[in-house]
Amino acid sequence: MAERLGPLLVIAILLAPLGASGGTPTDPELRGELLGMKDADQAVRDLPLTTEGEERVLSAVDGVHTARLKAIVAAHGWPTVAQVGQDGAAAAWLLAQHADKDPAFQRSVAEAMEPLVATGRVRAFSYVYL
């Protein structure tokens, strides 16, 4: 999708300040849920992941988080900074990154993020990296 934007627009977006980065999130409950999911995601990744059981736990956690993130996106759209705060939006992005067993979902997330980048409601870095 970045290739559709053109290289100069991508550079401009990356250098532009992010709008709606301050203030209180409009959905603090969703923010809390995303942050909790991110904490669980990172806790599993802090394991040595040297045994088959640890790998299964990682896969299971990613599966649960992917399913929940799909439900969140279906109900609320892609979580924006204004909606869930900078840390909540970063948590949603991280969870989408770890949904690699569902590339179709990752593509749909990128498509949902694309128009939000132009309005400053999603960090360009998050969109471009995904």
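The values are calculated or read from the model by the stated rules, or taken from the named source; none is laboratory data. Fair warning: this is a prediction, and the values are worked out from it, not measured in the lab. Backbone-built Cβ (ideal geometry, glycine too); neighbour counts: all protein chains shown. In case anyone asks, the SASA skips ligands and DNA or RNA and just uses the protein heavy atoms, side chains included. Shrake-Rupley method; radii C 1.70, N 1.55, O 1.52, S 1.80 Å.
Couple of notes before you dig in:
- Checklist (1) at pLDDT below 95; (2) of a type in the set (A, V, I, L, M); (3) open to solvent by 40 Å² or more (accessible area, probe 1.4 Å) applied to L116, failing item: (3)
- 3 or more residues aliphatic (A, V, I, L, M) and either closer than 12 Å to L69 by Cα or more than 11 Å from the chain's Cα centre (by Cα) (or both): qualifying helices (runs of 4 or more DSSP H) within the stretch 81-130: 81-97, 103-118
- When the stretch 90-105 is filtered for residues that are open to solvent by less than 20 Å² (accessible area, probe 1.4 Å) and in contact (Cβ under 8 Å) with a residue 40 or more places away in the chain, the ones remaining, listed by number, are A91, A92, L95.
Here is a yes/no grid of residues against (1) more than 19 Å from the chain's Cα centre (by Cα); (2) modelled with pLDDT under 50:
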| position | (1), (2) |
| --- | --- |
| L15 | yes, yes |
| D41 | no, no |
| E54 | yes, no |
| A60 | no, no |
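- Listed by first and then second residue, the pairs linking a residue in the stretch 26-49 that is free of Cβ contacts under 8 Å to residues at least 40 places away in the same chain to a residue that is part of a loop (DSSP other than H, G, I, E, B) and surrounded by 13 or more Cβ atoms within 10 Å (Cβ to Cβ), with Cβ atoms under 9 Å apart and 6 or more places separating them unless they lie on different chains, are R45/H98.
- Any hit, the stretch 100-107, residues being among the aliphatic types (A, V, I, L, M) and modelled with pLDDT of 95 or more: yes
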